[in-house]
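Visitor: Following this message is one structure expressed as structure tokens.
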Amino acid sequence: MSTNWRISSFIGVLLAAYFIPTWAAIAFSIIMAPVHGLYERPSVSVALFISDHLQMTSMATVRVAWLLALARLTVVAFLAIFAFSAARAWIRKTGGGSEALAIALAIGSVISFASMWMASQVGETAALRMHATELLMMLGVAVVMVFEPPMRPRANPELTSDALALEQSQFPNDR
């Protein structure tokens, strides 16, 4: 088994395995039928908040639905970039891909928090639980990323001698 997997990379891949298909399906249902997709279970709190509290017109509701779908697809795209980076060993060994995961976590946490707040305002307890669970998953990975020590470069065995590499002779017969 490979030993170059960091905890945040492993948990990030598990998070991506959940969010990529789930949020992509939600976003595509909103794209295909904006109002119908917005009133489905994952986004019903946003739809009810928009219609009850903000009293937007139907065209403004469609625009908000498309913006929500775009935001979810942005999170999906950054998670896909991270998953690709985590799958490549040479990127994972250098700690690359963490930026994509951090951006996905930031945008996704804002979406989930706003949806959770809207669900609490309109009284949707099932949506509140779902958005709170998603938010806690993302915040958990963010906490692990913050407290995980940075990647340390592996020591090159040729450079571990007392003499500096530049002082050493480059040619075997040079005296």
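Quick note: the coordinates plus some simple rules give every number you see, no bench work behind them. Keep in mind that this is a model prediction, so the values were computed, not measured. No Cβ is skipped: glycine too gets one built from the backbone with ideal geometry, and neighbour counts run over all protein chains shown.
Visitor: Please list log₁₀ I(q)/I(0) at q = 0.12, 0.13, 0.17 Å⁻¹ for the stretch 7-146, using the Debye equation with identical point scatterers on the alpha-carbon positions.
Guide: -0.48, -0.56, -0.87
Visitor: Then there is this: Report the paramagnetic label zone for Thr22: residues of the stretch 53-71 whose backbone N is under 20 Å from a point 7 Å from Cα along the Cα-to-Cβ axis.
Guide: Residues passing the 20 Å test: 68-71.
Visitor: Can you give the relative contact order of the stretch 7-146 as a percent, counting alpha carbon pairs under 8 Å and 6+ residues apart? Please list the in-between numbers first.
Guide: Working: 147 pairs, mean separation 42.1, N = 140.
So the answer I get is 30 percent.
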